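Working notes for the structure below.
The values are calculated or read from the model by the stated rules, or taken from the named source; none is laboratory data. This structure is a prediction, so every number in the text was calculated from the model and none was measured. Glycine also receives a Cβ, built like all others from the backbone with ideal geometry; neighbour counts cover every protein chain displayed. Surface accessibility is based on the protein's heavy atoms, side chains included, excluding ligands, DNA and RNA. Shrake-Rupley method; radii C 1.70, N 1.55, O 1.52, S 1.80 Å.
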Amino acid sequence: MERVVISLGGSIIIPGKQDGEFLMHFASLVKDLSREFELLIVCGGGKTARTYINVGRELNASEEQLDELGISSTRLNARLLQLALGDLADQYIPHTVAEAVERVGRGKIIIMGGTTPGHTTDGVSAALAEAVGASRIINATSVDAVYSADPNKNKTAERYDKLSFQQLEDILGSKHGAGVSGVFDPMGASIVKRCQIPLMIVAGRDLEEMSRAIRNLPIKGTVIS
Ligand code: UTP
């Protein structure tokens, strides 16, 4: 079975309003597709992470301590997704990529969050994809594609259907700070470039789009290869 890693943005899991129904629909899509693909899902922290990081910053916590708050938020979201998937999911949350690798091949969907301060869950997804030999990474995010600038702020921003790994790196630059967020994490982008694992950027709340991406069918989002 092909292995597919999904980097599921926190904003998709907890969009700011209470939406368990979406998670149930997402779970049923994952259930259908898990007959054809071995899925591994890395959950982001979203607003929960940012809220905790911002309050921690007011309390003068160090960057590492703020990252730890972020990691805890990603694991909280991972737990919620495990609950939505029930028996289909491995109910343990791996704390490292190595721990996740030990658990593949047992017929359960692996769900995790962050691992190490200084990273993001996009970076974890790329490292996980490399470690398990995944065929592709789906970045399920709150934007529908990669743009040359923020399309909400700049109406002339160019939308990309396809990019090379190098072009993605050039667009992203290389900044990490607790809670800082671009369309994909620069560390993750350098991993996918090194191991040549295709990356798809898609609107995570659009479940038809998610389904097409997991199946490797044409998408509305951006394919980086
Ligand atoms: P996210 O991966 O959710 O970061 O982790 P993000 O870039 O804000 O992603 P979106 O917007 O949800 O897609 C939240 C925070 O948790 C810490 C970082 O501070 C990150 O900004 N974190 C996460 C780590 O330090 N290490 C990890 O492995 C994961």
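Using the Karplus relation 6.51 cos²θ - 1.76 cosθ + 1.60 with θ = phi - 60°, the per-residue 3J(HN,Hα) values for the stretch 55-64 come to 5, x, 5, 4, 8, 6, 5, 6, 4, 5 Hz, with x marking Gly and Pro. Heavy-atom accessible surface of VAL223, to the nearest 10 Å², is about 40 Å², with a 1.4 Å probe and all protein chains retained.
Gap in Å between the Cα centre of the stretch 181-212 and the Cα centre of the stretch 66-140? About 15 Å separates the Cα centre of the stretch 66-140 from the one of the stretch 181-212. Can you compute log10 of I(q)/I(0) for the chain with the Debye formula, treating each Cα as one identical point scatterer, at q = 0.12 Å⁻¹? For the chain at q = 0.12 Å⁻¹, log10 I(q)/I(0) is -0.59. Summarising the strand pairing of the stretch 114-225, around 40 percent of its internal DSSP beta bridges are antiparallel.
Rolling a 1.4 angstrom probe over the protein heavy atoms with all chains in place gives the chain an accessible area of 48 Å² per residue. A cut-off of 5 Å between modelled amide H atoms, ignoring neighbours fewer than 5 places along the same chain, links ARG3 with GLU38, SER135. In this rough spin-label picture, where each label sits 7 Å from Cα along the Cβ direction, the ARG194-LEU80 distance is 3.2 nm. On the accessible surface of the chain, probed at 1.4 Å, how many percent belong to carbon and sulfur atoms? The computed percentage sits at 51. Between ASP19 and any residue 5 or more places off or on another chain, the built amide H atoms are never under 5 Å apart. Here the gap between VAL55 and ASN152, fully extended at 0.36 nm per residue and compared with their Cα-Cα distance, gives a gain of 32.3 nm. Of the residues THR96, THR121, the one with the largest accessible area comes first in the ranking THR96, THR121, computed with a 1.4 Å probe on protein heavy atoms.
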